[in-house]
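Peer 1: If you scroll down you'll find the structure; I have some questions about it.
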Amino acid sequence: MILLDGRQTSSKIKEEIAATVSKMKQHNQRVPHLAAVLVGMDGASMTYVGAKVKACELVGFESTLIKLPEDTSEQALLKQIDILNNNHEIDGYIVQLPLPKHIDEQKILMAIDPNKDVDGFHPTNVGKLTLDLPTFISATPYGIMELLERYDISTSGKHVVVIGRSHIVGRPMSILMSQKRKAGNATVTIAHSRTENLAAITKQADIVIAALGIPEFLTAEMVKDNAVIIDVGITRVPDNIKKKGYRIAGDVDFESVSKKASHITPVPGGVGPMTIAMLLKNTLQAREGFGDAH
Ligand code: NAD
């Protein structure tokens, strides 16, 4: 069994980005600048945003963190977005989700300039992704594609089963892997909460991508020998032994599945670190532009 090491791979990607930034500096060019908007004090969101800002510093990007109070109105947030859209010093920005309930998430995502939408959530960018045009690919699916590519996992003609149909992971993942691209050309099945006989389907998969958010859901009985297993899940499970009172669990029962898999991502240390690296890659892309196609 080979561990698909997201920590190591993401470090390599960050080194590559840092080298590009350092060249930009040598040529007196402006370095990429990422902004992040955080509304409220949600613990997990604060951790994620903090990690993104730290990663920017590590590769030599400029970063700006805009913290807004929980009771920020939708109007005030839209105003902030307008400011970011018109700030030429900022190449890309993200609005950390989830937003407080009184704010219409879709309305906010629609207001982001697609050319600065480094999360790749704007319908324009999702549409471009679907049509296989150059665009910002949302960071988690992008990270999984990169991991598969860098580990030379053969995907052409293989049966991939994606569990989960969310807009940020499952759906784009299924589209990407069916496209004509490296780590693509696969035959894709997308499973979800209404899927019947899931185990019979996953058992046929050469590659399983588990993105449903149910800890240790995928067990050894559900996979065939030598399958490639990608675990996207991140769930905080109460655990009194841990100092924080919880542990991070993936969607795969690593203990049993790793004995059958040819390749598997650990949690933590698999898909998670790749997500941040790809956000940086998108920001670099925002700085450099997509050329005429964008
Ligand atoms: P989501 O809740 O939006 O979607 C879950 C999907 O799983 C749904 O489409 C649903 O139909 C499907 N599902 C639920 N129960 C199922 C079942 N019993 N059988 C089959 N399908 C079922 O979740 P999401 O935002 O896509 O995230 C999924 C998981 O990935 C979560 O644990 C989340 O924390 C994690 N995540 C990790 C990263 C990362 O960087 N590693 C990024 C995003 C999300």
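The values are calculated or read from the model by the stated rules, or taken from the named source; none is laboratory data. If you're wondering where the values come from, they're calculated on a predicted model, not measured in any experiment. Neighbour counts run over all protein chains shown; Cβ positions are idealised from the backbone, glycine included.
Peer 1: How about segment 223-240: which of its residues are within 16 Å of the ligand (Cβ to nearest atom) and among the small types (Gly, Ala, Ser)?
Peer 2: GLY233
Peer 1: If you don't mind, another one. So is ILE230 within 22 Å of LEU129 (Cα to Cα) and buried (at least 19 other Cβ atoms within 10 Å of the Cβ) or not?
Peer 2: It is true that ILE230 is within 22 Å of LEU129 (Cα to Cα) and buried (at least 19 other Cβ atoms within 10 Å of the Cβ).
Peer 1: With the requirement that a residue be closer than 15 Å to THR283 by Cβ and β-branched (Val, Ile, Thr), what does segment 96-137 give you?
Peer 2: ILE112, VAL118, THR135, ILE137
Peer 1: Residues that are touching a strand residue (DSSP E or B) at 6+ places or on another chain (Cβ under 9 Å) and in a helix (DSSP H, G or I): does segment 86-108 have at least one?
Peer 2: yes
Peer 1: With the structure loaded, tell me whether GLY164 is outside the structural domain of GLN106 (by TED's automatic domain parsing), surrounded by fewer than 15 Cβ atoms within 10 Å (Cβ to Cβ) and either at positive phi or modelled with pLDDT of 95 or more (or both) or whether it fails that test.
Peer 2: So GLY164 fails the test.
Here is a yes/no grid of residues against (1) under 20 Å from GLY120 (Cα atoms); (2) within 22 Å of the chain's Cα centre (by Cα); (3) surrounded by 14 or more Cβ atoms within 10 Å (Cβ to Cβ):
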site	(1), (2), (3)
VAL53	yes, yes, yes
THR64	yes, yes, yes
ASP71	no, no, no
HIS88	yes, no, no
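Peer 1: Scan GLY127, GLY157, GLY120 and give me the residue that is outside the structural domain of PRO266 (by TED's automatic domain parsing), at positive phi and modelled with pLDDT of 95 or more.
Peer 2: Details: GLY127 fails: at positive phi; GLY157 fails: outside the structural domain of PRO266 (by TED's automatic domain parsing).
The conditions single out GLY120.
Peer 1: What are the pairs, 6+ residues apart or on separate chains, where a residue within segment 220-233 that is assigned to a helix (DSSP H, G or I) has its Cβ under 6 Å from a residue that is within 14 Å of the ligand (Cβ to nearest atom)?
Peer 2: MET222/ALA199; MET222/THR202
Peer 1: Here is a list of conditions, (1) in contact (Cβ under 8 Å) with a residue 24 or more places away in the chain; (2) away from the ligand (no atom under 16 Å from the Cβ); (3) surrounded by fewer than 18 Cβ atoms within 10 Å (Cβ to Cβ), and LYS243 meets all of them except one; can you say which number that is?
Peer 2: Here LYS243 meets the rest and fails (1).
Peer 1: Right, something else. Please go through segment 74-86 and pick out each residue that is in contact (Cβ under 8 Å) with a residue 24 or more places away in the chain and surrounded by fewer than 19 Cβ atoms within 10 Å (Cβ to Cβ).
Peer 2: Listed by number, the residues that qualify are GLU74, LEU78, ASP82, ASN85.
Peer 1: Which pairs have Cβ atoms under 7 Å, sit 6 or more apart or on different chains, and link a residue in segment 265-277 that is within 17 Å of LYS12 (Cα to Cα) to one that is near the ligand (Cβ under 8 Å from one of its atoms) and part of a helix (DSSP H, G or I)?
Peer 2: Matching pairs, first to second residue: THR265/VAL271; VAL271/THR140; VAL271/GLY143; MET274/GLY143; THR275/ALA139; THR275/THR140; THR275/GLY143; ALA277/GLY143.
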